[in-house]
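Following: one structure in structure tokens, then a few remarks.
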Amino acid sequence: MVEQFNYLGTKLMNKNSIFEEIKSRAKSGNVCCHSVQNLLTSSLLSKNIKIKVQKNAILPVDLCGYDTWPITLREKRRLGVSTNRVSRKTFEPKD
């Protein structure tokens, strides 16, 4: 009997908690966001292209398998914080 293990990229726990999974997905999303940071902060790309990069490259990393999670409102807000963080990094005003 183990406390948790990774199975097909998903962290499974012996208690029915999705908190650790959301935390690891947010971490993976931040890594993905950091890898495309040059694209997201480029002044050469339009706002629409940046949104498409965000929706097609970063959001699937955060929300992979989201439909099958037993999620509460608190956890849903936590996912929203993660996705909003990416938007703020993309569209924050430059100094």
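What follows draws every value from the coordinates through simple rules; no lab data is involved. Remember, predicted model here, so these are calculated numbers, not experimental data. Every residue, glycine among them, receives a Cβ derived from its backbone with ideal geometry; neighbour counts consider all protein chains shown.
For the Cα atoms of the chain, what angle does the longest principal axis make with the long axis of helix 73-91, in degrees from 0 to 90, nearest 10? The angle comes out near 20 degrees. Over all distinct Cα-Cα pairs of the chain, the Kirkwood formula returns a hydrodynamic radius of 14.5 Å.
For the chain, what relative contact order do you get, as a whole percent, if you take Cα pairs closer than 8 Å and at least 6 residues apart? Provide the component values of the computation, followed by the final result.
Details: 58 pairs, mean separation 30.6, N = 95.
Relative CO of the chain lands at 32 percent.
So how tilted is helix 19-35 from the main axis of the chain? Cα-based, degrees 0 to 90, rounded to 10. It works out to around 30 degrees.
Here the sum of -39500 (n - 2.57) over DSSP H runs of 4 or more residues, divided by the residues of the chain, equals -16500 deg cm²/dmol at 222 nm, to the nearest 500. When peptides 41-48, 53-60 are sorted by average Cβ neighbour count within 10 Å, with the highest value leading, the order is 53-60, 41-48. With a Cα cut-off of under 18 Å and a minimum spacing of 8 residues unless on different chains, the lysine pairs in the chain number 16.
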